[in-house]
Amino acid sequence: MININSGGEAQHTFDAIVIGSGISGGWAAKEMCEKGLKTLVLERGRNVTHLRDYPTATKNPWDFPHRGHLPEAIKNENPIAEKCYAFSEATTHFFVKDKEHPYVQEKPFDWIRGYQVGGKSLLWARQTQRWSKFDFEGPARDGFATAWPISYNDIAPWYSHVELFAGIAGNKDGLETLPDGEFLPPWEMNVVEKQIQKRIMDAYHDRHVVIGRCAHLTKPQPVHLQQGRGQCQARSLCERGCPFGGYFSSNSSTLPWAAKTGNLTLRPDAVVHSIIYDEQKGKATGVRVIDAHTKSVTEYYARIIFVNAATLNSNLILLNSKSGRFPNGLGNDNDLLGRYIAFHNYRGSLTATIDGYLDTYYYGRRPAAVMMPNFRNVYKQETDFLRGYMTFYSATRSSWGHAVDGDQIGANYKENISEPGNWNVYMMMQGETIPKAENKVSLSKDRTDEWGIPLLSVSVDYDDNDVKSLNDFLQQGAEMLNKAGCKNIVPNDSKQAPGLDIHEVGGVRMGTDPKNSLLNKWNQLHACPNVFVTDGACMTSTGTQNPSLTFMALTARAANYAADELRKNNI
Ligand SMILES: Cc1cc2nc3c(=O)[nH]c(=O)nc-3n(C[C@H](O)[C@H](O)[C@H](O)COP(=O)(O)OP(=O)(O)OC[C@H]3O[C@@H](n4cnc5c(N)ncnc54)[C@H](O)[C@@H]3O)c2cc1C
């Protein structure tokens with residue numbers, strides 16, 4: 001028998017509850033607090049306050065016991081997290097440790113998580129591109145997933161809304177396949193990248209090469225200064241938390257903004273167990289929470305609930321929210337909850353060299369690569385695989401001191417490291433994967449975590465379509481680099497498991513038909529409309545763009561709708 005502390009119902013009652021304080025939860029909180037809703041944000045991890053809780057943000061390499069590298073013992077204890085490029089001596093405190101939060105891998109899946117206030121918004125690589133109309137229309141046109149219930153025009157104003165506040169650097173390129181946004185000044189390509197750009201665009205009329213778009217303040221506007229944020233210094237130490245607020249995170253931006261309204265209550269260390277469904281009222285009335293440390297159980301109540309625990313955890317919470325009406329999880333009348341998980345195919349990359357340009361260098365550590373929007377199957381189906389891939393590349397000179405041949409000590413060595421090396425080129429894919437019913441998550445029947453919650457069981461894999469898309473990228477990439485004048489072109493298939501892309505989506509997909517989707521066009525559960533799911537779990541397909549800007553826009557759109565409906569007493 002569990003002892004539930006409802007702590008005086010009034011004190012535990014809010015207008016809205018948001019589960020999760022990461023990228024999407026931060027936006028839900030900001031929008032609803034601004035609309036005057038008393039909003040409770042429940043976060044399973046510890047509190048992380050902007051600036052105060054970034055212990056490594058201003059450390060030098062020599063300040064770390066292992067100069068930033070991870071001791072073998074930590075790597076061995078974290079075989080999954082360790083695969084993420086951002087997991088280092090400077091950032092381990094923002095990553096979930098493998099042992100503390102186990103899950104079941106029915107098939108290999110590297111689940112990378114950040115459980116703290118701010119979630120993965122502290123760790124992300126900040127690449128932010130809008131979807132195009134082709135991405136929203138793709139599933140219906142090609143018949144590979146259920147139709148999106150919204151179009152590009154529905155979300156375009158919300159892209160603008162979040163871009164202006166978050167601060168996105170980019171160039172207005174006028175491309176149909178990658179719509180422009182409300183941009184701060186773009187980062188610049190270096191001389192070699194420009195040369196490759198020119199040669200590719202001369203050789204292929206369907207391929208566009210542009211500078212990457214990212215959530216960095218290249219020229220802070222008044223709204224950013226009001227957030228207490230300043231100009232990005234191109235330090236490339238972002239994953240430690242930025243002392244300048246130079247990149248967008250929930251901690252530096254949306255959460256403090258929400259707090260300033262006086263309407264925010266933030267509860268860290270609050271593990272949401274499930275959503276409470278009241279059969280008489282026919283709606284959700286609140287959430288059941290377990291204290292991360294004491295394990296005591298508390299209930300909180302609200303008229304609307306936003307589920308923003310990040311894709312797979314949002315699936316877990318809904319699957320675990322069982323009632324007489326919903327024995328298989330909240331809203332799960334069609335047994336599709338947890339299904340149609342998709343991700344990005346990151347397996348393909350190429351390395352190359354390019355001769356010359358030894359009299360040129362570049363300034364700082366730019367937080368964006370060069371990119372090419374998808375050029376495959378855009379206007380019609382034209383290859384033997386569905387959909388396509390975004391291509392990224394960058395050109396850098398080999399590091400001073402790292403890649404020198406010969407002596408590793410003495411005068412020659414000093415001489416060598418006083419000059420940067422030759423130019424290297426790196427190209428990679430971000431491929432769309434097709435959502436499939438068999439790519440799914442479910443609850444373990446016999447294993448629970450420390451809080452008594454069933455472990456998530458993940459069964460997600462590549463398919464033949466992904467391999468064909470990968471092979472096409474490797475072939476096209478090599479051809480483009482060759483035409484751009486590169487040499488020593490080496491293709492690579494990392495064969496990495498799904499998950500390491502950290503772009504997992506789906507499981508609670510949006511759609512027009514309640515028979516084959518879970519959410520309507522406003523992100524409300526068809527069968528329980530006062531519950532909104534607006535993180536990656538809601539995604540019907542993946543597109544080829546980095547996903548988080550779309551999560552933000554969908555969240556802001558749904559939160560404003562929810563607040564308006566609440567005011568009209570429609571929820
Ligand atoms: C290294 C790295 C690089 C990335 N690069 C990019 C990029 O360049 N561009 C891009 O678009 N995306 C990128 N991503 C992905 C991006 O971080 C995520 O898409 C984004 O953070 C998702 O937002 P979210 O709100 O859904 O989840 P999160 O930001 O992960 O927040 C979810 C929050 O919910 C909390 N939570 C989970 N379960 C519960 C529970 N039961 N009760 C209470 N709270 C709970 C978690 O602790 C967490 O704080 C990257 C991620 C990483 C780690």
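Derivation of every value follows stated rules applied to the coordinates shown; laboratory data play no part. Computed from a predicted structure; not experimentally measured. Glycine also receives a Cβ, built like all others from the backbone with ideal geometry; neighbour counts cover every protein chain displayed.
Cross-linked pairs 83/107; 133/219; 440/515: Cα-Cα separations exceed 21 Å for 133/219.
As a footprinting exposure proxy, order 62, 27, 451, 131 by other Cβ within 10 Å, with the fewest listed first.
Details: 62 7, 27 35, 451 15, 131 25.
Ascending Cβ contact count within 10 Å gives the list 62, 451, 131, 27.
When DSSP beta bridges are restricted to pairs lying wholly in the chain, around 70% turn out antiparallel.
Here's the picture: a label point sits 7 Å out from the Cα of residue 226 along the beta-carbon direction, and within segment 158-202 the residues with their amide nitrogen under 13 Å of it are 164-166. Computed over segment 380-502, relative contact order equals 23 percent, with contacts defined as Cα pairs under 8 Å that lie 6+ residues apart. Which FRET efficiency value, to the nearest 0.05, is calculated for residue 475 and residue 73 with the Förster distance at 45 angstrom and r the Cβ-Cβ distance? The value I calculate is 0.60.
Positive-end ranking of 341, 395, 412 along the dipole of segment 317-417, with charges on Cβ about the Cα centre, is headed by 341. Working from Cα pairs under 8 Å separated by at least six residues, relative contact order for the chain is 22 percent.
Hey, what number do you get for the chain at 222 nm if only DSSP H runs of n ≥ 4 count, each worth -39500 (n - 2.57), divided across all residues, to the nearest 500? Value at 222 nm, helices only, nearest 500: -6500 deg cm²/dmol. Ordering 168, 149, 118 by the projection of their Cα atoms onto the charge dipole of segment 111-175, which places +1 on the Cβ of Lys and Arg and -1 on the Cβ of Asp and Glu, puts 118 at the extreme positive end. Size descriptors for segment 336-412: radius of gyration and Dmax over Cα atoms are 20.2, 66 Å. Each other residue within a Cβ distance under 14 Å of residue 346 adds +1 if Lys or Arg and -1 if Asp or Glu, for a net charge of -3. Altogether, the Stokes-Einstein calculation at 37 °C and 0.692 mPa s, with the Kirkwood radius of the chain over Cα pairs as Rh, returns a diffusion coefficient of 134 µm²/s.
Annotation: Cα Rg of segment 78-229 relative to the compact-globule expectation 2.2 N^0.38 Å equals 1.30. Within straight-line reach of residue 172, meaning a Cα separation under 14 Å, sit the following aspartates and glutamates at least 8 residues removed in sequence or on another chain: 163, 180, 182, 188. Note on residue 483: aspartates and glutamates with a C-alpha under 19 Å away, same-chain residues under 8 apart excluded, are 193, 202, 206, 355, 472.
What per residue convex hull volume, in Å³, do the alpha-carbon atoms of segment 158-248 yield?
In segment 158-248, the Cα convex hull volume per residue is 107 Å³.
For segment 255-363, the fraction of C-alpha pairs farther apart than 24 angstrom is 48 percent.
Here is the list for segment 477-510: trypsin sites (Lys or Arg not before Pro) lying in DSSP coil, each with at most 14 other C-beta atoms within 10 angstrom of its C-beta, are 495.
Treating each Cα of segment 1-141 as one equal point scatterer and applying the Debye formula with no solvent, the log10 of I(q)/I(0) at q = 0.15, 0.20, 0.21 Å⁻¹ comes out as -1.01, -1.25, -1.29. Across segment 531-543, coupling constants 3J(HN,Hα) worked out from phi with the 6.51/-1.76/1.60 Karplus curve, θ = phi - 60°, read 10, 10, 10, 10, 8, x, 4, 7, 6, 7, 8, 9, x Hz, and Gly and Pro carry x. Overall shape of segment 172-315 was characterised from the C-alpha gyration tensor. The equivalent ellipsoid obtained from it has semi-axes of 43, 21, 15 Å, in decreasing order.
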